[in-house]
Amino acid sequence: MSRLKGKIAFVTGAGGGIGRAICERFLFEGARVVATDIDVGAASAAVTGGGDRALALPVDAGDGEQVREAMARAVETFGALNVLCNVAGGSSMQDDRVTEAPEEEFWRVIRLDLFGTFLACKYGIPELVKAGGGSVVNLTSIGAIIALPNWDCYTAAKGGVAALTRSMAAGYSADNVRVNAIAPGVILTPRVAARERIGRVKELADRHMLGLGVPEDVAHMAVYLASDEARIVTGQVLSVDSGVSIN
Ligand SMILES: NC(=O)c1ccc[n+]([C@@H]2O[C@H](COP(=O)([O-])OP(=O)(O)OC[C@H]3O[C@@H](n4cnc5c(N)ncnc54)[C@H](O)[C@@H]3O)[C@@H](O)[C@H]2O)c1
């Protein structure tokens, strides 16, 4: 109930399946939560019941000015920032092999998943440093670890997130800022559940040894990485994937 007591967390993509579970779990563990999403209604719903420990803001994670302003608003409201959780992102059924994938899909996912993570870190890490250190939790994917044929835009973006996680972990260790990423397998959010039985997703889903994940499985890992329990864990890409990456 109090693993994150005293922590102030900034979450992007807070209104989606995984983002919402993370916000709920962070609040449950005593954190104050700034829930941001391009859909502010969804972000607000994610922190319902958070009372004065919650703030919901409309933010396009791929827009530097909006991200910078939201960080300032978060600090103005709660006084500091200790945790950045970069969740905004996700593949789409437009993705494909490079020879077939639309260029727009490549730039969409690079802007949201990779540049969005870059921006939140660019404007958020200085606040973590001011607070004496903190934890960055990025969302990558098993697509950064194993081959996911026909998802070439998404794997490029998430591979970038994994590499960025490692270089930032080394770059900010002297500031006591830890940087890790979670690599989920197929997690049954509403977006993914809608396509779970479709061809290429089904083949991957069937290789999950312990069944498919739910958003709370990812949220539990996010709590651990955000908490002081993980105080010497940094630069890691931690799979929450039902063993699919070794199967
Ligand atoms: N669900 C899975 O199977 C799975 C697997 C591996 C990795 N992931 C990663 O986990 C993260 C969350 O996935 P999810 O399934 O919960 O996705 P989701 O689609 O349920 O949620 C994504 C959220 O991001 C928001 N969003 C979209 N564009 C935005 C923008 N420009 N700025 C800010 N917010 C924006 C949406 O409004 C939505 O609330 C993503 O980074 C995804 O790549 C998910």
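Scanning segment 76-124 for residues that are in a loop (DSSP other than H, G, I, E, B), out of contact with any Asp or Glu (no Cβ under 6 Å at 6 or more places or on another chain) and more than 23 Å from Ala46 (Cβ to Cβ) yields Met93, Asp96, Thr99, Glu100, Pro102.
Once segment 63-92 is narrowed to residues that are buried (at least 22 other Cβ atoms within 10 Å of the Cβ) and among the small types (Gly, Ala, Ser), the residue that is farthest from Arg195 (Cα to Cα) is Ala74.
Quick check: is even one residue across segment 233-241 in contact (Cβ under 8 Å) with a residue 60 or more places away in the chain and assigned to a strand (DSSP E or B)? Yes, because at least one residue in segment 233-241 is in contact (Cβ under 8 Å) with a residue 60 or more places away in the chain and assigned to a strand (DSSP E or B).
Scanning segment 161-177 for residues that are hydroxyl-bearing (Ser, Thr, Tyr) and surrounded by fewer than 18 Cβ atoms within 10 Å (Cβ to Cβ) returns Ser167, Ser173.
Would a scan of segment 41-51 turn up a residue that is in a helix (DSSP H, G or I), among the small types (Gly, Ala, Ser) and on the phi > 0 side of the Ramachandran plot? Yes: one or more hits.
I need every pair where a residue in segment 93-107 that is farther than 25 Å from Ala193 by Cβ has its Cβ under 7 Å from the Cβ of a residue that is loosely packed, with under 11 Cβ neighbours inside 10 Å and not acidic (Asp, Glu), sequence separation at least 6 or different chains. Final answer for the pair search is none. Counting the residues of segment 125-160 that are part of a loop (DSSP other than H, G, I, E, B) and surrounded by fewer than 20 Cβ atoms within 10 Å (Cβ to Cβ) gives 8. Residues in segment 172-200 that are over 21 Å from the mean Cα position of the chain (by Cα) and not in a loop (DSSP other than H, G, I, E, B): 4 in all. Against the test of being within 14 Å of the ligand (Cβ to nearest atom), farther than 23 Å from Asn247 by Cα and not β-branched (Val, Ile, Thr), the options Leu212, Leu164, Leu204, Leu188 yield a single qualifying residue, Leu164.
Just so you know, all these numbers are worked out from the coordinates, no wet-lab data involved. A quick note: this is a predicted structure, and the numbers were derived from the prediction, not measured. Please note: Cβ atoms are built from the backbone with ideal geometry, for glycine as well, and neighbour counts cover all protein chains shown.
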